[in-house]
Amino acid sequence: MSLRTLPLLMINMGGEMLYILDQRLRAQNETDDKIQKGWSDADRKRVMNDIVGVMFSKAFLEELMQPQDTYSHQALRYLLTRLAHTSIMRLNSTSIDRLYDLMTMAFKYQIALCPRPRDILLVSFNHMDGVRELVKDNPRLVNLINEAQRLIIEMFTPLSDGEFQLIRQTLLTFFQDTHIRVSVFLKENLQNADGSFVMPTSGTVPHGSEVPGLIRYFNTRGRVVRRREFVTGGSYTRPVRDASFDVSGDRVTRLGINMYGESSHTPEDTHTSRSSTHTCKREQVSDEPNPLAKVELNLLAKLMGQMEVWDSVGADGGMGVNLFPSDQEEEDTRFSVEDEVFCVVNIQAVKVDTELTRIAAEFTDQDAAERPGDKGEDLLAMMDEL
Amino acid sequence: MYHREKSIQLKSSASALYNNLSVLRLAPRSLTHFAVVHANVVNLVSASWDGLNYSHRQLQSKEGNVATSSSLIMQAAWCVLPSRDLLVVTSQKGIQMYESDGSIMVYWHALDTPETPTAKAIFARGIAAVRDKYICVGVSSGAVLVFDVPSKGSNITLSEVLEEHTEAVTDMASECSGSAEYIADLVSADDSGLLCVWKSGGDFQLLNKIPGFDMSCSSVKLWKGTVIAAYGTGQIRLYEGVTGILHAEVNAHARWIYSLDIAPFTGLLLSAAEDSFVRVWHLNPAPENNSVEIEHLYNECVTDTQICGAKFCDGDGYAFAVTGYDLSEIIRYTQA
């Protein structure tokens, strides 16, 4: 469908990743746990700066902006992991998994709930504004984000509402059948126990729309001759103002702002839970690595640089971090809506690895069988080793 | 007025696409067929009228080069011609026509795709059967393809390309009253909201162009000469097809409307939107002042569901069915 989804996926999911990393690394700094010591404020800032520097670099963004199909989940996860690892930080596979789940559900929620398709742009701007806030001490990076934002504005603002709807529908297809439960959503009553989102039937209608409930009849000369109201079953109001689609300004929507911000960096916010049936389902969706995407991946990886670092993860002096330590997970259960569900998860945290290994094995087989000698294989193989 | 019935399970969930539900009622065999698109698969379910038997089939879009990413399907709909019923599936790669049970592909039309991808997406969307032998399909370039379908066999030919739209076609509908007294046979809609009203024949004739207002018309119907159009603003408009005179404007939904349907015998109108509401309306021709009245009859909130398809299951509007994004079931409602 739409060939313009990739920059939006990268900026919004990357934005969520930065929010989470910032919050987790702050939490690491605050714990007295000496085992995880070494994550000072300076380290955290360095990690943020390194990632933002790559994510918003012009060459990287321009490559993403080439018209192309949406990546598979596998490829996107790889790319985002590479992005995280452009810093001194090293994530273990459980952390990467959880991180990807959180990014996925956060952005899926934002796309599903944004009132009109064009608001995806506002969600993206909220992410860019949020990330700019995280690195506001570094003028070079602030500049980089501003430039990136101008690129996005240039590319997307001329699109029609129909094209935005196509982008939205393409993204919704990308996230289809992903129903991971996120504790922050469950706690705020934004998500149901089955992983679906709560759809409000009240609030403001999108800018440019009318509040439902009125029929107007016209005569042949175009004059309104009669009005009749009807009961709608919802309760909507007109929007107060339209949002700013510029580099700065009021975005009106709160979708895409940093929900892990200062006031709430408690560990339970990043808790996810998933059923085993879900894992299978989602991997099915992403089971066709697009050969085209593999070539693109190599290119993007090169743009990110540091290819050699990848080969020696753990031995390159990078700092390991477990974003979601298990002792905190157990504490989290007191916040959960359904305790038994979250117990399952804690077991799953171990099982996820085997599941991944199984899937990874399938992938390697398939690739080796179907496309021997394909260059892109190297990267996919690396992905499997995550 | 309506109450919820037992749902029909799907093999995979519905994608967020306009008009993502098609219903075909086969009276001689007491069967109702349902078609719902999931990414690159069409879910087909046939249900017996007693609700006891269901059979499932999945159609893959396997056209084109299998090595590249499989193409996503945009729409699947049955086309009912006097001589035969065909299932038409449109995707990013082209148009497939199957026998109505999905068993045999009888025709395949590939869309022109450039060597290097351009920013403009390419796909076919909007399907309608017109009069005795035409099937019309819209394309993202704005073209409307007219296929001439023989009463049997696979000798289907592209007989005409109608080029009046400049934006991607969103939906298409033929006159559904079954009466021959109305001049207009077909209406096509696009992403700018432009509506084109056509008369079919050896050469399709453009009767009228009803301008849009830069807002997509996502679903359109044609009943007794009246064009019923639904928009991204949540509004429904009623136009006289031939003259373009606006009869009524309804602030119907709080979000983008995804589907409209008409029960041709009773004039009941169904509208469904992302706002999780399905509404039933009644259209009443008022010949004394050359107009059509619309009145609101019924609301149904399908909780926490972004509705993407809604169709009546019969010509009277006695029952209707609904699909929603990410939902692996068809929800049914019947009159109490």
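The values are calculated or read from the model by the stated rules, or taken from the named source; none is laboratory data. Every value quoted in this text rests on a predicted model; they were computed, and no experiment measured them. Positions of Cβ are backbone-derived with ideal geometry, glycine not excepted, and every protein chain shown enters the neighbour counts. Just so you know, the surface numbers come from the protein's heavy atoms only, side chains and all, with ligands and any DNA or RNA stripped out. Shrake-Rupley method; radii C 1.70, N 1.55, O 1.52, S 1.80 Å.
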At most 12 other Cβ atoms within 10 Å plus a DSSP loop assignment makes a site exposed; report the longest stretch of chain B without any exposed GluC sites (Glu not before Pro).
B:182-336
Taking Rh as the Kirkwood radius, which is the inverse of the mean 1/r over Cα pairs, what is the Rg/Rh value for region B:1-129?
1.00
With a 1.4 Å probe, what is the total accessible area buried between chains B and A, in Å² rounded to the nearest 100?
4600
Mean 1/r over all different Cα pairs, inverted: what Kirkwood radius does region A:76-177 give, in Å?
15.4
Excluding ligands, DNA and RNA, what is the solvent-accessible area per residue of region B:1-42 at a probe of 1.4 Å, expressed in Å²?
38
Between the alpha carbon centres of region B:223-249 and region A:237-260 the gap in Å comes to 33
What's the longest uninterrupted piece of chain B once you rule out the trypsin sites (Lys or Arg not before Pro) that are loop residues per DSSP with at most 15 other Cβ within 10 Å?
B:153-336
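So what's the convex hull volume per residue for the Cα atoms of region B:235-286, in Å³?
86
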Surface/4 estimate of mean projected area, convex hull on alpha-carbon atoms of region A:1-147, nm²:
9.1
Cross-link pairs A:Lys136/A:Lys187; A:Lys108/B:Lys6; B:Lys6/B:Lys311; B:Lys224/B:Lys311 - those with Cα-Cα distance over 26 Å
A:Lys136/A:Lys187; A:Lys108/B:Lys6
Percent of accessible area on region A:1-141 owned by carbon and sulfur, 1.4 Å probe?
48
Kirkwood Rh and Cα Rg combined as Rg/Rh, region A:132-252
1.08
What area, in nm² and to one decimal, does the C-alpha convex hull of region B:263-336 cast on average over all directions?
5.3
If you take the Cα atoms of region B:193-262, find Rg, then find the Kirkwood Rh from the mean of 1/r over all pairs, what is Rg/Rh?
0.98
Semi-axes of chain B's equivalent ellipsoid from the Cα gyration tensor, sqrt of 5 times each eigenvalue, largest first, rounded to whole Å?
26, 25, 20
When the Debye formula is applied to the Cα atoms of region B:67-190, each taken as the same point scatterer, what base-10 log of I(q)/I(0) results at q = 0.16, 0.18, 0.23 Å⁻¹?
-0.76, -0.95, -1.45
With the full set of protein chains present, the residues of region A:155-181 whose 1.4 Å probe accessible area falls by 40 Å² or more relative to the chain alone are A:Asp161, A:Gly162, A:Gln165, A:Leu166, A:Gln169, A:Leu172, A:Thr173, A:Gln176, A:Asp177
On average, how much area does the Cα convex hull of region B:69-111 cover when viewed from any direction, in nm²?
3.2
Select from region A:224-244 all residues whose loss of accessible area on going from the chain by itself to the full protein assembly reaches 40 Å² or more (probe 1.4 Å).
A:Phe230, A:Thr232, A:Tyr236
Work out the count of Lys pairs in region B:77-220 where the Cα-Cα distance is under 19 Å, with the pair 8 or more places apart or on different chains.
4
Whole-Å distance, taken between Cα centres, linking region B:299-330 and region A:73-129:
32
Find out how many positive minus negative residues lie around B:Ala230, taking Lys and Arg as positive, Asp and Glu as negative, among other residues whose Cβ is under 13 Å from that of B:Ala230.
-1
Just the accessible area for B:Phe147, please: 1.4 Å probe, Å², rounded to the nearest 10?
0
Region B:181-234, accessible area per residue, ligands and nucleic acids excluded (1.4 Å, Å²)
29
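Roughly how many percent of the accessible protein surface of region B:258-302 is carbon and sulfur, given a 1.4 Å probe and a whole-percent answer?
Of all accessible area on region B:258-302, carbon and sulfur atoms account for 48 percent.
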